[in-house]
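Notes follow the structure.
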Amino acid sequence: MTHKITASHIGRVIWSEFKPALLASFWICLLAFPIMTLSINPTNQSFKFSLDRMPYLALGTFVLSILWRFFLKRRAFIGITKAVHQSEGLPEDLRKGPKPSWLTVVKASRYRRQGIYVLLAIMAILPFISSPYTVNVMVTALIYVTLGLGLNVVVGVSGLLNLGYIAFYAIGAYTYGLLNHYFGLSFWVCLPLGGLTATLMGLLLGFPVIRLSGDYLAIVTLSFGEITRLVLNNLTVTRGPRGISYIQPAGFFGIDLNGAPKEFLVNYLRVDPAMDINKIFTYFIILCLVIVTIIFVFRLENSRLGRAWLAMREDEVACQAMGINRTRAKLTAFALGSTWAGLAGVVFASQITFINPASFSFLGSILVLSIVVLGGMGSIPGVILGAIVLSALPEQLRFFSQYRMLLFGALMVLMMVFRPGGLIQSTREVYIHKTNGNGKGDGNGTARLEALTGAPKPEATGERP
Amino acid sequence: MSAGLDKGAGANAAGTGTGSGSGCVDPILSTVGISMVFGGLVALNSVDLSIERGSITALIGPNGSGKTTFFNCVTGIYKPTRGEVILYPALDLPSKSLKGLPADVITHEGLARTFQNIRLFNNLTVLENVLIGRHTRMRAGLWGALTRNRKTRAEEAAAIERSYGLLVTYGLDAMANELAKNLPYGAQRRLEIVRALATEPKVLLLDEPAAGLNIAETAALRDLISDIRENEKVSILLIEHDMNLVMKVSKKIYVFDYGRLIAQGPPDEIQKDPKVIKAYLGED
């Protein structure tokens, strides 16, 4: 038996999928018949009938359907060969990994550090050589990175589906907006306040949902998001749908950044003269926030608390049996996740200087959730990539704007089918032996391994129920 | 003939009812008249049971006789309708009532369990599974996690060391970085036991650890259970259908049927007990 996909196999698969694909194509043609064949001629108010476009539609759907089925088959096939491979050489295979250790050493840490430095340098230079528009897009992208990482704590790490996450973002933004509008409080005072308010609201929402999980939790959080938006829309304090305008951008020790500093930057660093330097400052604020968030989320994931969240995600009963207080774990996950949304909200308010409830619709929650799912649940680099893709891509696809949501939906479906773990799947930390790090297993371990699997022969593993 | 057997069963049930802790000089865990009622169904009917300190005790009985319900009542997954669960942590320490406490507190008090259908944290590594078992013996909170101060780092390193030590002792160290779901079935069973051990239990409750294991794996499990009793200062309560295993390892056996205790005693007595034979094989 070979485990490789051969050309003849591909041929066979395509042939066996031929008929269903034909059927699918026919079905689509039938459904689309009225809209594809009839067109209105506005000049003389008449219908025009033409079959011109039908062959393209038929061929297109047919080819797509074949491809779709082929990739599905291929995925299943690879899964089977993997399983066969594993059951044949199981003990051998398992010993291949790095030798475990007494102390933590993160995988590939040798190059990771340099990579991070290079990336940081690029990020620091970028706003000075880009256009104002690009800086704006980058700020938005980084805000979504923060949001994604925050929601990742709730959804990806703790497994609590939160469909109202944007509400906490709104709470952060409105905290700054209102305090600035009515009391003239500055950005730097409001940043921690916004985070804190969101945290408290997260706790407040957390208490009633402690006993819920899965679908029920999703429904409650969804409602919370909508309630928050409706409250903001109907209160007079928040000025209803008119929103709050003229919010101050973040200040820099009271210096007018568009005065002397701008002159310096434009003259000596060839910065675009049209640039609003406040935007560059906001960029650095959100960049710092993102860096701090990454460090914190990384530390959390590899801590006692983070492991408790992961355990809760994996199995709620077993996690309690391991002595984890599920209530506390849930509440901290909810509250902490909301904190980052609040902080991002404050930065958002200072970036666009105008907020109204329409900025915080349900679609926003879905977008952030998509970032986490597309990027990879529980994976920090994945979520960052997801945020950049989903916030920057729409900007690049403006010419395509009519079909943007369609494309987005198709992308999500494809992702879920072919790469359910996300763009960058989360990997667990590897522990490597400090004293015996040469990767060689000792004979002792082998003997034990065979004893416990009870299976030096492959057929024994096949007996699992 | 059948009338005579029934009478005998009644007499014995009465006997177990009154004599809680009888034949058990130094119990570590006792239940007194523990009952569990689901709607109209009496899953457990006034069960008195004692586990002697440092011994291996087994619960046997036909399917649906209430063994797992008993485990769930003792470990806090269910709140028993009536009765008491008492832990005697040490001879010189006062006893504690565990009734109605949440599962995580009971684990902290020193009861750890495994599940009939394996419940590992599948997408985490073997070492992380064991580290989660250390949760209740660690202290670091949010602040420690965010600042990663010296105390937290030291605690973390100690926890990793101890978890890895457990993996070495029980032969799982070669797989420390594998995801739990990728382990062979026998190793998953073993990991679940090691994870429970990581909580530093006083009583280890194993729910059908040999279920689904082949003969070689069951033999390895028997050695494992003996090893655990020797290495760790732990008493073991075992639910098992594999009579060979039960008779070999356990010191005392309790037999459940329809939510009641129908017999108790050392393995050789239980094997001969007509009530047990009747419960398992029925009568004509």
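Taken together, the values in this text are just the output of simple stated rules run on the coordinates, not laboratory data. These numbers were taken from a predicted model, which means no experiment stands behind them. Cβ: placed from backbone, ideal geometry, glycine included. Neighbour counts: every protein chain shown.
The mean number of partner chain beta-carbon atoms within 10 angstrom of a residue's beta-carbon across peptide B:158-166 is 2. Pair-distance distribution P(r) for the range A:267-418, from all Cα-Cα distances in 5 Å bins starting at 0: 2, 7, 12, 17, 17, 16, 13, 8, 5, 2, 1, 1, 0, 0 percent. Think of it as helices only: each DSSP H run of n ≥ 4 in the protein assembly as shown is worth -39500 (n - 2.57), and spread over all residues that comes to -19000 deg cm²/dmol at 222 nm. For the range B:46-89, what does the alpha-carbon gyration tensor say about shape, rounded, prolate or oblate, given a ≥ b ≥ c as the root eigenvalues, a/c under 1.5 as rounded, and a/b over b/c as prolate? Oblate, since a/c reaches 1.5 and b/c is not below a/b. Quick check: from the Cα gyration tensor, does the range B:118-199 come out rounded (a/c under 1.5), prolate or oblate? Prolate, since a/c reaches 1.5 and a/b exceeds b/c.
The phi-based Karplus calculation (6.51 cos²θ - 1.76 cosθ + 1.60; θ = phi - 60°) puts the 3J(HN,Hα) values of the range B:204-211 at 10, 10, 10, 9, 6, x, 8, 4 Hz, whole numbers, x for Gly and Pro. Electrostatic tally near A:Gly306: other residues with Cβ closer than 13 Å to its Cβ, Lys and Arg +1, Asp and Glu -1, net +1.
Determine the alpha carbon to alpha carbon distance for each of B:Lys96/B:Lys202; B:Lys202/B:Lys278; A:Lys330/B:Lys79; B:Lys67/B:Lys252; B:Lys181/B:Lys251; B:Lys67/B:Lys248 and list only those over 24 Å. With Cα atoms farther than 24 Å apart: B:Lys202/B:Lys278; B:Lys181/B:Lys251. Remark: mean inter-chain Cβ contacts per residue of B:213-223 equal 4, using a 10 Å Cβ-Cβ cutoff to other protein chain atoms. In terms of Cα atoms, the Rg and Dmax of the protein assembly as shown work out to 31.6, 110 Å. Mean-square fluctuations from a GNM of chain B, with a 10 angstrom spring cutoff on Cα atoms, peak among B:Ser65, B:Ser95, B:Ser46 at B:Ser95.
Counting only DSSP beta bridges with both residues in chain B, what percent are antiparallel, rounded to the nearest 5?
If I count the DSSP bridges inside chain B, around 55 percent turn out antiparallel.
Among DSSP beta bridges whose residues both lie in the protein assembly as shown, state the antiparallel percentage, nearest 5.
Numbers: 27 of 43 bridges.
Roughly 65 percent of the beta bridges in the protein assembly as shown run antiparallel, per DSSP.
Show me the ranking of peptides A:407-416, A:290-299, A:337-346 by mean Cβ neighbours inside 10 Å, starting with the highest.
A:337-346, A:290-299, A:407-416
Each peptide in A:236-247, A:376-387, A:148-159, A:278-289 receives the mean, over its residues, of other Cβ atoms within 10 Å, and ordering these scores from highest gives A:148-159, A:376-387, A:278-289, A:236-247. Other residues lying with their Cβ under 15 Å from the Cβ of A:Leu163 contribute a combined charge of -1, Lys and Arg counting +1, Asp and Glu -1. Peptides A:320-329, B:256-265 ranked from most to least packed give A:320-329, B:256-265, packing being the mean of other C-beta atoms within 10 angstrom over each peptide's residues. For peptide B:102-112, the mean count of partner chain Cβ atoms within 10 Å of a residue's Cβ comes to 4.
Residues in the range A:141-158 carry Karplus couplings, in order, of 4, 5, 4, 5, 4, 4, 4, x, 5, x, 5, 4, 4, 7, 8, x, 8, 8 Hz; the curve used is 6.51 cos²θ - 1.76 cosθ + 1.60 with θ = phi - 60°, and Gly or Pro positions show x.
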